[in-house]
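Taking it in order: structure first as structure tokens, then the write-up.
The values are calculated or read from the model by the stated rules, or taken from the named source; none is laboratory data. A quick note: this is a predicted structure, and the numbers were derived from the prediction, not measured. Here the Cβ positions follow ideal geometry from the backbone for every residue, glycine too, while neighbour counts run over all protein chains shown. These area figures cover heavy atoms from the full protein model, side chains too; ligands, DNA and RNA do not enter into them. Shrake-Rupley method; radii C 1.70, N 1.55, O 1.52, S 1.80 Å.
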Amino acid sequence: MGIQDIIEGKKQWRAHVARVKALPPDYRIVYQEMQKYLFKVGPVELSDGPLLPGIVDFFEEGAASGRGVLELIGDDVAAFCDDLIKDSRTYADIYQDSLGKDPGTAGK
């Protein structure tokens, strides 16, 4: 990764953060909670993939139509996030692979 890639990545992230800050307060709060959750759960392609910008796109459309954020995603933010990443490879998956065991077989 060259310096130009780093600079471009920072520009993209700053533009993303500006879009989040432009969301209505309830959308912004839910987005920030989703982001924290997703960073903890750890889909591998989270930082450079389309997931976070896609959520902002979805929220911008919802806000423009006058719908509340919970109307869009439901009451369980974590369940909504889990559904978004259900087919994504996570760091936990990579760790399990490095152990050479399937999840749920520990101690057997």
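So here's what we get for this one:
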read-out	value
Ranking by accessible area, most exposed first, for 89, 19 with a 1.4 Å probe	89, 19
Cut-off under 5 Å, modelled amide H: who pairs with residue 90 long-range	44
Calculated log₁₀ intensity ratio I(q)/I(0) where the Debye formula runs over C-alpha points of the stretch 1-57, q = 0.15, 0.27, 0.31 Å⁻¹	-0.47, -1.18, -1.29
Calculated Rg and Dmax of the chain using C-alpha coordinates, Å	16.6, 53
Proximal aspartates and glutamates relative to residue 40, as straight alpha-carbon distance under 13 Å, when same-chain residues fewer than 8 apart are discounted	82
Probe 1.4 Å, all protein chains present, accessible-area order of 5, 93, 87, largest first	87, 5, 93
Radius 14 Å from Cβ of residue 19, net charge of other residues (Lys, Arg +1; Asp, Glu -1)	+1
Sequence of 58, 80 when ordered by accessible area, the most exposed leading, probe 1.4 angstrom	58, 80
Cut-off 13 Å between beta-carbons: net charge of the residues surrounding residue 51, Lys and Arg +1, Asp and Glu -1	-4
Per residue, in Å², the accessible surface of the chain once ligands and nucleic acids are set aside, probe 1.4 Å	68 Å²
Per-residue SASA entry for residue 39, accessible area with 1.4 Å probe, Å² rounded to 10	110 Å²
With DNA, RNA and ligands ignored, accessible area of residue 7 (1.4 Å probe; Å², nearest 10)	70 Å²
Heavy-atom accessible surface of the chain: percent carbon and sulfur, 1.4 Å	55 percent
